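Student: Structure provided below as structure tokens; questions to follow.
The values are calculated or read from the model by the stated rules, or taken from the named source; none is laboratory data. Bear in mind that the values here come from a model prediction, so they are computed numbers and not experimental data. Virtual Cβ from ideal backbone geometry, glycine too; neighbours counted across all protein chains shown.
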Amino acid sequence: MNSLTDELLGIKADKFAVGDLVRTKSATDAYNMPLLGVVTTVTVLKNDKGRVRNCYTVDWIDFETSQMLWHDWYDEDLILIQPGASC
């Protein structure tokens, strides 16, 4: 739920949802193309200083890529290609 209270507390609404097709902003494959994947989980992380971040686990389309990449991605790392709800 996105509300004024959430904004005042610094809690950002999830930018992506489970099932969304996303691409990376900076990580690329051997051909310098952005990596494509599907968001599988959304987790809200909060540290001891109260900072809140949305963390996404992405299932990458290229099998070799999924073996090489780290699992945690954040709002600033990904770009939405297609919402899962529109598929």
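Student: Does Thr28 fit the bill of being at pLDDT 85 or above, of a type in the set (S, T, N, Q), on the phi < 0 side of the Ramachandran plot and surrounded by 11 or more Cβ atoms within 10 Å (Cβ to Cβ)?
Tutor: So Thr28 fails the test.
Student: Which number in (1) modelled with pLDDT of 85 or more; (2) loosely packed, with under 11 Cβ neighbours inside 10 Å marks the one condition that Val38 misses?
Tutor: (2)
Student: When you scan segment 67-78, do you find a residue that is acidic (Asp, Glu), surrounded by 14 or more Cβ atoms within 10 Å (Cβ to Cβ) and at pLDDT below 85, even just one? Quick ask: steps written out before the conclusion?
Tutor: Of segment 67-78, the ones acidic (Asp, Glu) are 72, 75-77.
Retained after the next criterion (residues that are surrounded by 14 or more Cβ atoms within 10 Å (Cβ to Cβ)): 75, 77.
From what's left, at pLDDT below 85: none.
No; the residues of segment 67-78 include none that is acidic (Asp, Glu), surrounded by 14 or more Cβ atoms within 10 Å (Cβ to Cβ) and at pLDDT below 85.
Student: Condition first: at positive phi and modelled with pLDDT of 85 or more. Now tell me which residues in segment 1-25 satisfy that.
Tutor: Listed by number, the list holds a single entry, Gly19.
Student: So, in segment 35-64, exactly how many residues are over 19 Å from Ala85 (Cα atoms) and either free of Cβ contacts under 8 Å to residues at least 12 places away in the same chain or hydrophobic (A, V, I, L, M, F, W, C) (or both)?
Tutor: Final tally of qualifying residues: 11.
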